[in-house]
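Student: Next up is a structure, given as structure tokens.
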Amino acid sequence: MKKNIAVLRGDGVGKEVVKGAIEVLKAIGEQYDHEFSFQHALIGGTAIDKEGTPLPADTLEVCKHSDAVLLGAVGGPKWDQNPPHLRPEKGLLQIRKALNLYANVRPVTCFNSLLDASPLKREIIENVNFVIVRELTGGLYFGKPSGRKIENGEETVVDTLSYKRVEMERIIEKSFEMARARKKKVTSVDKANVLESSRMWREVAEEVAKRYPDVALEHMLVDNAAMQLIRNPRQFDVIVTENMFGDILSDEASMLTGSLGMLPSASLSSNGPSLYEPIHGSAPDIANMNIANPIATILSAAMMLRLSFGMEDEAKAVERAVEQVLAAGYRTADVVQFPRKSISTTEMTERIKEALVEDGAIS
Ligand code: NAD
Ligand code: IPM
Ligand code: MN
């Protein structure tokens, strides 16, 4: 099969981890006889520096004409004082909106070999396997009005949380579809004791649930959900929630797996190419040191193979290779357990590629 992949490396460790994922995709291409072509384009701070905007029109064109988009991460202290429209993160929000990437799917799976790498006890995280389905194109991130003004001599700021019913419906439906293929349970997370938007979200969830009698629906307030994720994460199958809650809960959930550098994601489009990216950011504190964990991005590439290209065997091969390398004891510094020695970003990528080749030779 021939596939066109748009590559947006972005800033900081984004560049390093995407390099790893491309190498793994190339290895899969060779092994399974696919032709993957990679077209690079700018986003984030790097795009601001080179083109004066965080999402150049060319970049959007390249993405729209691709079969899928692979993204690293954006942002960094260099641009933190920029005005809102010239922030790297704005580029990410714009591309999510422009490509209609409404469903951000963030699977949380604990690898057996990393059970002791989490700050939580092994008994708590063993067999954890759930997915956070985060609404990605609405809510506080896109609400209008938003900004500062002087009102009656007082500096005032406003961010607006706004959703259309159809936006709630499609993401909740997506979560039910996913639950149907899993353990048939949806936990809808909201703040219905305070927010009107959450009360409407609950109402929509109840309506959607009627069309999925085989799937159980429960509601959970977000503050309780944050606690339950640590207390008993095995209770979850599919968590569906609005944009900001999903952002926060998924970073929290990543620590069940041992590191933020482990969690992949797919941002699914309603009508065009989808985008795949790790959930972590540009990690400026470790950028250019060749120590970032590339696994979140490599697993995001596996999600691309499965969800955008229908290449289930290839996706499984990548996931197996990651598992084998971890089982063999290799770790990057973020998950390293004393007295183990850590390996670099490039070494981790090499080990995963080797595991792919060996796996291919066996099967
Ligand atoms: P971050 O996710 O970049 O980093 C948080 C911590 O996790 C840091 O200590 C970092 O070193 C570590 N970490 C993250 N990814 C890692 C990896 N692959 N391997 C090893 N360690 C890793 O979050 P932050 O520091 O709050 O934000 C830094 C910048 O990234 C900000 O500009 C923020 O806006 C941006 N950001 C971008 C995205 C994205 O592009 N999708 C996501 C989150 C944050
Ligand atoms: C993420 C990031 C982004 C978000 C930022 C960088 C805009 O934290 O992808 O999780 O909040 O969505
Ligand atoms: Mn985030």
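The values are calculated or read from the model by the stated rules, or taken from the named source; none is laboratory data. Keep in mind the model is a prediction, meaning the values are calculated, not measured. All Cβ positions, glycine included, derive from the backbone under ideal geometry; neighbour counts span all protein chains shown.
Student: Can you tell me which residue among Val166, Val105, Val158, Val133 is aliphatic (A, V, I, L, M), in contact (Cβ under 8 Å) with a residue 24 or more places away in the chain and outside the structural domain of Phe338 (by TED's automatic domain parsing)?
Tutor: Matching residue, one of Val166, Val105, Val158, Val133: Val133.
Student: For the range 94-111, what are the residues that are in a strand (DSSP E or B) and of a type in the set (S, T, N, Q)?
Tutor: Asn104, Thr109
Student: Out of (1) of a type in the set (Asp, Glu); (2) away from ligand 1 (no atom under 16 Å from the Cβ); (3) surrounded by 19 or more Cβ atoms within 10 Å (Cβ to Cβ), the odd one out for Asp334 is which?
Tutor: In the conditions (1) of a type in the set (Asp, Glu); (2) away from ligand 1 (no atom under 16 Å from the Cβ); (3) surrounded by 19 or more Cβ atoms within 10 Å (Cβ to Cβ), Asp334 misses (2) alone.
Student: For the range 182-195, does any single residue satisfy the condition of being in a loop (DSSP other than H, G, I, E, B), touching a Ser or Thr at 6+ places or on another chain (Cβ under 7 Å), free of Cβ contacts under 8 Å to residues at least 24 places away in the same chain and farther than 15 Å from Glu218 by Cα?
Tutor: no
The rows are residues; the columns are (1) buried (at least 19 other Cβ atoms within 10 Å of the Cβ); (2) assigned by TED's automatic domain parsing to the domain that holds His65; (3) away from ligand 1 (no atom under 16 Å from the Cβ); (4) within 20 Å of Ile95 (Cβ to Cβ).
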site: Glu203; (1), (2), (3), (4): no, no, yes, no
site: Gln235; (1), (2), (3), (4): no, no, yes, no
site: Thr241; (1), (2), (3), (4): yes, no, yes, no
site: Met262; (1), (2), (3), (4): yes, yes, no, no
site: Gly272; (1), (2), (3), (4): no, yes, yes, yes
site: Ser282; (1), (2), (3), (4): yes, yes, no, yes
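Student: Does Leu86 fit the bill of being surrounded by fewer than 20 Cβ atoms within 10 Å (Cβ to Cβ) and within 16 Å of ligand 3 (Cβ to nearest atom)?
Tutor: No; evaluated as a whole, the condition is false for this residue.
Student: Spot the failing condition for Val128; the list is (1) within 16 Å of ligand 2 (Cβ to nearest atom); (2) under 18 Å from the mean Cα position of the chain (by Cα), and only one is missed.
Tutor: With respect to (1) within 16 Å of ligand 2 (Cβ to nearest atom); (2) under 18 Å from the mean Cα position of the chain (by Cα), Val128 is out only on (1).
Student: I would also like to ask the following. Applying the selection to the range 1-42, what residues are within 16 Å of ligand 3 (Cβ to nearest atom) and under 18 Å from Pro77 (Cα atoms)?
Tutor: Gly10, Asp11, Gly12, Val13, Gly14, listed by residue number.
Student: Among the strands (runs of 3 or more DSSP E) contained in the range 228-304, which hold 3 or more residues that are within 15 Å of ligand 2 (Cβ to nearest atom) and out of contact with any strand residue (DSSP E or B) (no Cβ under 7 Å at 6 or more places or on another chain)?
Tutor: none
Student: Now for a different question. Out of the residues in the range 171-224 meeting the condition of being β-branched (Val, Ile, Thr) and over 23 Å from the mean Cα position of the chain (by Cα), tell me which one is nearest to Val238 (Cα to Cα).
Tutor: Val215
Student: Report yes if Lys191 is out of contact with any helix residue (DSSP H, G or I) (no Cβ under 7 Å at 6 or more places or on another chain) and under 19 Å from Leu136 (Cβ atoms), otherwise no.
Tutor: It is false that Lys191 is out of contact with any helix residue (DSSP H, G or I) (no Cβ under 7 Å at 6 or more places or on another chain) and under 19 Å from Leu136 (Cβ atoms).
Student: Which condition breaks for Gly329 when tested against (1) within 14 Å of ligand 1 (Cβ to nearest atom); (2) at pLDDT below 95?
Tutor: (1)
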